[in-house]
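Everything on this sheet refers to the single structure shown next.
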Amino acid sequence: MPDPGTELSSLNFESLIGGPLVAAVHAQVQSALATVNFVKQVGFKPPAGGSVEPGDTSTGDPATVTFTYRKDVPKPDGTTESRDVQLTVPLLAILPVPFLRIDQVDVDFLAKIESVQFRQVDQQVEVGADLDAQAAWGWGSARLRASFAFQRDTKEGSKDTRTYSMGVKARAVQDEMPGGMSKVLTILESLIKEEVAS
């Protein structure tokens with residue numbers, strides 16, 4: 001009969017629990033790299049002379065989008081005139097920058113070990129008898145036939161059932177922007193400019 005305590009102690013709980021946690025750390029690294037790639041690819045134009053190679057930290061000018069709309073513009077004589085105005089805005093200043101952080105990791109491990117030993121004994125007994133008797137004027141004869149049968153069946157064995165299940169739940173949230181990224185966005189916001197279309 002297996003000992004459930006021994007079986008559980010033989011499990012590598014360091015890997016069972018540490019594996020999902022290491023995976024969460026790797027996911028966090030991938031999330032940070034995705035943020036870097038988003039900022040480089042969406043927020044900046046490629047540097048002059050071609051594309052950016054993996055690992056290259058150089059970028060070109062900030063990528064901007066320009067809107068044109070009508071606006072009343074003051075004239076030197078104090079009146080206003082309706083003119084086309086262009087507004088140039090850096091893309092990173094108007095797009096949400098993805099910055100996900102794994103907020104919580106829950107690891108649930110369930111081990112169910114059932115061990116059953118059984119012994120089954122079946123017995124079968126059969127008895128049969130047949131009696132014949134004859135008598136005639138003081139003398140007679142008798143005949144007796146008897147039968148006996150006994151059968152015994154014994155079954156022994158054991159049944160072991162093992163069930164292991166693991167559940168991992170991870171929750172990611174949009175984290176606060178790091179201080180450096182906030183400063184970059186503040187600088188980019190200062191590049192927003194409005195000018196009258198010529």
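From the list V65, V42, V73, which residue is of a type outside the set (S, T, N, Q), surrounded by 10 or more Cβ atoms within 10 Å (Cβ to Cβ), at pLDDT 80 or above and not in a strand (DSSP E or B)?
Within the list V65, V42, V73, the selection yields V42.
From the list S190, S165, pick out the single residue that is loosely packed, with under 12 Cβ neighbours inside 10 Å, at pLDDT 80 or above, within 30 Å of L8 (Cα to Cα) and out of contact with any Ser or Thr (no Cβ under 9 Å at 6 or more places or on another chain).
When all the criteria are applied, what remains is S165.
Among all residue pairs at least 6 apart or on different chains, which show Cβ distances below 8 Å where the first residue, located in region 84-109, is among the basic types (K, R) and the second is in a strand (DSSP E or B)?
As it stands, the answer is R101/A172; R101/V173; R101/Q174, since those pairs meet every condition given.
Quick check: is even one residue across region 51-58 acidic (D, E), touching a strand residue (DSSP E or B) at 6+ places or on another chain (Cβ under 7 Å), modelled with pLDDT under 90 and surrounded by 10 or more Cβ atoms within 10 Å (Cβ to Cβ)?
Scanning region 51-58, I find no residue that is acidic (D, E), touching a strand residue (DSSP E or B) at 6+ places or on another chain (Cβ under 7 Å), modelled with pLDDT under 90 and surrounded by 10 or more Cβ atoms within 10 Å (Cβ to Cβ), so the answer is no.
Scan region 165-196 residue by residue and report those that are in contact with an Asp or Glu (Cβ under 8 Å, 6 or more places away or on another chain) and among the basic types (K, R).
Correct list: K169, R171.
The values are calculated or read from the model by the stated rules, or taken from the named source; none is laboratory data. Since the structure is predicted, the reported quantities are computational estimates derived from the model, not experimental observations. We place every Cβ from the backbone using ideal geometry, glycine too, and count neighbours over all the protein chains shown.
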